[in-house]
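Throughout, read-outs are computed from the coordinates displayed, never taken from laboratory work. Owing to the predicted nature of the structure, the values given are computational and were not obtained by experimental measurement. Glycine gets a Cβ as well: all are built from the backbone with ideal geometry, and neighbour counts include every protein chain shown.
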Amino acid sequence: MPRSYREMEDILMRELHLYHHPIAVTFLSTEDEMNLFKEITPHVIPARPLTYCQWEIAARMQGQTVVGEKKQLGCHNARISFGWAGIDEDDIEAVAQEYASREVAELIVGSKPRLPLDSLQGVAVGPLGNAVMDPHVIHFYCDNFQSHRLAVEYMAATKTHPLRPMICESSSACGGGVFCWREQSFNVTPSCTGSYNSGKTERGEVNVFIPASRLEETVEFLEQRLRRMPENTFPGADICKNCSLIVFRKGFQKMDEGAAVPQNGGDS
């Protein structure tokens, strides 16, 4: 029996000790899809143009589902990623000034993952557990240990090794999700350099993206592994296989007959 999105979120939050809701990202290609999503899913709409990362703040931290359109997206990088803007001379010049090379700028701007122009009507982001329609990508904001654990579970479940993530100069969240969807492949990216100071990330989180079509088998493998190895109950609990000297045994302390039992945290 297929698992519900709520059940999978609960497992992931509990077993990986996630700080944030996994985000269900849904790309809405037509007006009909957009209208259907709005009809069947409780949602909010950005009151003013915001960045895509800021849409996701409401999803991962406030538990809200956000439905956004081109006019409500205030980030030009994300507009390019979602096919809501083309690449123009201003884009190339801005990057060329930063890297002092037009050749490098053309390479960076022209090779970012993006959807065809005007192929989307909207993008919805919300907590995985609240998903009503099937999403396309699951986006995790997590720490290094959590990202590695997700990668390992995915590799084992899908028999894919090694993984080859996509990292580009910016567009970590928007471009990273587009790459995952188009390639139907796991992706991991560091946060954009400005995301911490702009308040879009709090702990220097890593972005992990899993195609929604491969999520259930990843979660199932996670549960199977934990049943086999119940001592590894959180990311980072693993001890390196090469560190055979790091072994702990239960201790036993024999007390003399009549000795006073320490009280209050060891004070006699």
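For the pairs 38/70; 70/159; 71/200; 38/200, note any where the Cα-Cα span goes beyond 27 Å. Those over the limit are 70/159. So for the chain, taking the charge dipole from beta-carbon charges (+1 Lys/Arg, -1 Asp/Glu), which of 204, 176, 43 sits furthest toward the positive end? It is 204. Across segment 88-104, computed HN-Hα scalar couplings (Karplus, 6.51 cos²θ - 1.76 cosθ + 1.60, θ = phi - 60°) run 10, 4, 4, 4, 5, 5, 4, 6, 4, 5, 6, 9, 6, 7, 5, 4, 5 Hz from first to last residue, x flagging Gly and Pro.
Quick one: in the chain, what % of C-alpha pairs are over 28 Å apart? The calculated P(r) of the chain puts 42 percent of pairs beyond 28 Å. Mean residue ellipticity, 222 nm, helices only, the chain: the sum of -39500 (n - 2.57) across DSSP H runs of n ≥ 4, divided by residue count and rounded to 500, is -11500 deg cm²/dmol. In order along segment 22-39, the phi-based Karplus estimate (6.51 cos²θ - 1.76 cosθ + 1.60, θ = phi - 60°) of 3J(HN,Hα) comes to x, 9, 8, 9, 10, 8, 9, 7, 10, 5, 5, 4, 4, 5, 5, 4, 5, 5 Hz; Gly and Pro are listed as x.
Segment 1-42 and segment 69-109 have their alpha-carbon centroids 29 Å apart. Within the shell defined by Cβ-Cβ distances under 9 Å, the residues around residue 131 carry a net charge of -1, with Lys and Arg each +1 and Asp and Glu each -1. Counting charges near residue 96 (Lys, Arg +1; Asp, Glu -1) among other residues having Cβ under 9 Å from its Cβ returns a value of -3.
Quickly rank 141-150, 100-109, 120-129, 56-65 as a protection proxy: mean count of other C-beta atoms within 10 Å, highest first.
Details: 141-150: 21.0, 100-109: 14.5, 120-129: 23.5, 56-65: 19.3.
Answer by packing, highest mean first, reads 120-129, 141-150, 56-65, 100-109.
Expressed in nm to one decimal, what extension gain is obtained for the pair residue 182 and residue 119 from 0.36 nm per residue of sequence separation less their Cα-Cα distance?
21.4 nm
Springs join every pair of Cα atoms under 10 Å in this Gaussian network model of the chain, and among 90, 134, 118 the largest mean-square fluctuation is at 90.
The H on the amide N of residue 44, modeled in the peptide plane, is under 5 Å from the matching H of 65, 66, 67, each at least 5 residues off or on a different chain. 3J(HN,Hα) along segment 144-159, derived from phi through the Karplus expression 6.51 cos²θ - 1.76 cosθ + 1.60 where θ = phi - 60°, amounts to 4, 5, 5, 5, 5, 5, 4, 4, 5, 4, 5, 4, 5, 5, 9, 6 Hz, with x in place of Gly and Pro.
Between the beta carbons of residue 252 and residue 227, assuming R0 = 25 Å, the FRET efficiency works out to 0.25 to the nearest 0.05. Annotation: aspartates and glutamates with alpha-carbon distance below 15 angstrom to residue 250 (same-chain offsets under eight excluded): 231. Averaging the sequence gap over all C-alpha pairs within less than 8 Å and six or more residues apart, then dividing by the number of residues, gives segment 5-228 a relative contact order of 25 percent. Please work out the FRET efficiency for the pair residue 144 and residue 11, using the Cβ-Cβ distance as r and a Förster radius of 22 Å; give the result to the nearest 0.05. With a Förster radius of 22 Å, E is 0.60.
The local environment of residue 176, defined by Cβ-Cβ distances under 13 Å, has a net charge of -1 under the rule Lys, Arg +1 and Asp, Glu -1.
Shape of segment 165-209 from its Cα gyration tensor (a ≥ b ≥ c, root eigenvalues): rounded if a/c is under 1.5, otherwise prolate when a/b > b/c, or oblate? It comes out prolate by the Cα gyration axes.
Full extension of the chain between residue 44 and residue 29 yields a length gain of 3.5 nm, computed as 0.36 nm times the residue separation minus the alpha carbon distance.
For segment 114-191, the Kirkwood radius over C-alpha pairs fed into Stokes-Einstein at 37 °C and 0.692 mPa s yields D = 236 µm² per second.
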